[in-house]
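**Q** Starting off with a structure, shown below.
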Amino acid sequence: MKALLLIDIQYDFCPGGALEVKEGDEVIPIANKLSKQFELVVATQDWHPADHGSFAANHPWRYPGQIIDLNGLEQILWPIHCVQNSFGAEFVKDLDTSNFAAVIQKGTDKEIDSYSGFFDNGHRKATGLHDFLQEKGVDEVFVMGLAQDYCVKFTVLDALELGYKVKLIVDGTRAVNLKEGDGQQALEEMESKGAILVNSNDLEVS
Ligand code: VGL
Ligand code: ZN
């Protein structure tokens, strides 16, 4: 059984959003097209409390892009984004959500960030995504969404570690690129760990 995983296609990651990803909105038509081709579609949603430890604003004198130690883990500080129930945390309205079998919310614990759709960044707690996919008999995941160099990458790496076959839909992702080349490096890392890089036009899903 195959599943399509749509990662964090939310206003705050699209142009004009708090943590905007260049061309982030360009993944939406691809998500909508593929949603119709998959029997099982699962979306993730970055879903932080306002006092989340990944927000620079919650640390005196810190600013976005700096790195701190957050409860023993290296943490990049971000602008305030995807606050629970805020507009920026919503799925973009043009995204077809009608076919979502589940929405997995992550980053809800203020003490730890969660890039991957499967686990927090310390692999301390599972989000429930793996259990859900297991129940459905999924052995292969097709991953796309935002951002290529953070949540998409870590979701892909966890999926590989959990034993799923993984296809990364390259044209369905865009990178934050805090550093130039981060997106490209993420693609290479995912591929070297076993993900197969594909283009949405080349997919034949049965
Ligand atoms: C993300 C940074 C912080 C992402 C989420 O969805 O890639 N990046 N929170
Ligand atoms: Zn976040």
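The values are calculated or read from the model by the stated rules, or taken from the named source; none is laboratory data. Quick caveat: nothing in here was measured; it's all calculated off a predicted structure. FYI the Cβ positions are ideal-geometry reconstructions off the backbone, even for glycines, and counts take in every protein chain you see. For the accessible areas, the whole protein counts, side chains as well, though only heavy atoms, and no ligand, DNA or RNA atoms are used. Shrake-Rupley method; radii C 1.70, N 1.55, O 1.52, S 1.80 Å.
**Q** Name the single residue, out of those in the range 15-28 being away from ligand 2 (no atom under 16 Å from the Cβ) and free of Cβ contacts under 8 Å to residues at least 40 places away in the same chain, that is surrounded by the most Cβ atoms within 10 Å (Cβ to Cβ).
**A** Here is the first cut: in the range 15-28, the ones away from ligand 2 (no atom under 16 Å from the Cβ) are 15-16, 22-23, 25-28.
Imposing the further condition that a residue be free of Cβ contacts under 8 Å to residues at least 40 places away in the same chain reduces the set to 15-16.
Working: 15: 12, 16: 10.
Applying the filter and picking the extreme gives 15.
**Q** Kindly state which strands (runs of 3 or more DSSP E) lie completely within the range 18-91 and contain at least 1 residues that are of a type in the set (A, V, I, L, M, F, W, C), under 26 Å from residue 172 (Cβ atoms) and under 17 Å from the mean Cα position of the chain (by Cα).
**A** 41-46, 73-76
**Q** Follow-up question, since we're still on this one. So in the range 170-206, with the set limited to residues that are assigned to a loop (DSSP other than H, G, I, E, B) and either on the phi > 0 side of the Ramachandran plot or open to solvent by less than 50 Å² (accessible area, probe 1.4 Å) (or both), which one is modelled with the lowest pLDDT? Working first, answer last.
**A** Step one: filter the range 170-206 for residues assigned to a loop (DSSP other than H, G, I, E, B), giving 175-181, 193-195, 199, 203-206.
Checking the rest, the ones that are also either on the phi > 0 side of the Ramachandran plot or open to solvent by less than 50 Å² (accessible area, probe 1.4 Å) (or both) come to 175-177, 181, 194-195, 203, 205.
Values: 175: 98, 176: 98, 177: 97, 181: 98, 194: 98, 195: 98, 203: 88, 205: 67.
Per the criteria, the residue is 205.
**Q** Could you please let me know if residue 149 is buried (at least 18 other Cβ atoms within 10 Å of the Cβ), within 13 Å of ligand 1 (Cβ to nearest atom), more than 23 Å from residue 28 (Cβ to Cβ) and under 15 Å from the mean Cα position of the chain (by Cα)?
**A** Working: buried (at least 18 other Cβ atoms within 10 Å of the Cβ): yes; within 13 Å of ligand 1 (Cβ to nearest atom): yes; more than 23 Å from residue 28 (Cβ to Cβ): no; under 15 Å from the mean Cα position of the chain (by Cα): yes.
In short, no.
**Q** Ok, one more. Among the residues of the range 119-142, count how many are under 18 Å from residue 76 (Cβ atoms) and crowded, with 16+ Cβ neighbours inside 10 Å.
**A** Going through the range 119-142 one residue at a time, the tally reaches 3.
**Q** Can you pull out every residue in the range 164-181 that is of a type outside the set (Val, Ile, Thr), touching a residue at least 40 places away in the same chain (Cβ under 8 Å) and within 19 Å of residue 76 (Cβ to Cβ)?
**A** Result: 174, 175, 177, 178.
**Q** Moving on to the next point. Among what's in the range 130-157 and is away from ligand 2 (no atom under 16 Å from the Cβ) and part of a helix (DSSP H, G or I), pick the residue that is nearest to residue 37 (Cα to Cα).
**A** The qualifying residue nearest to residue 37 (Cα to Cα) is 133.
**Q** Sticking with this structure for a sec: Would you please name the residue that is least open to solvent (accessible area, probe 1.4 Å), looking only at residues in the range 60-118 that are away from ligand 1 (no atom under 13 Å from the Cβ) and among the small types (Gly, Ala, Ser)?
**A** Going through the qualifying residues, I end up with 102.
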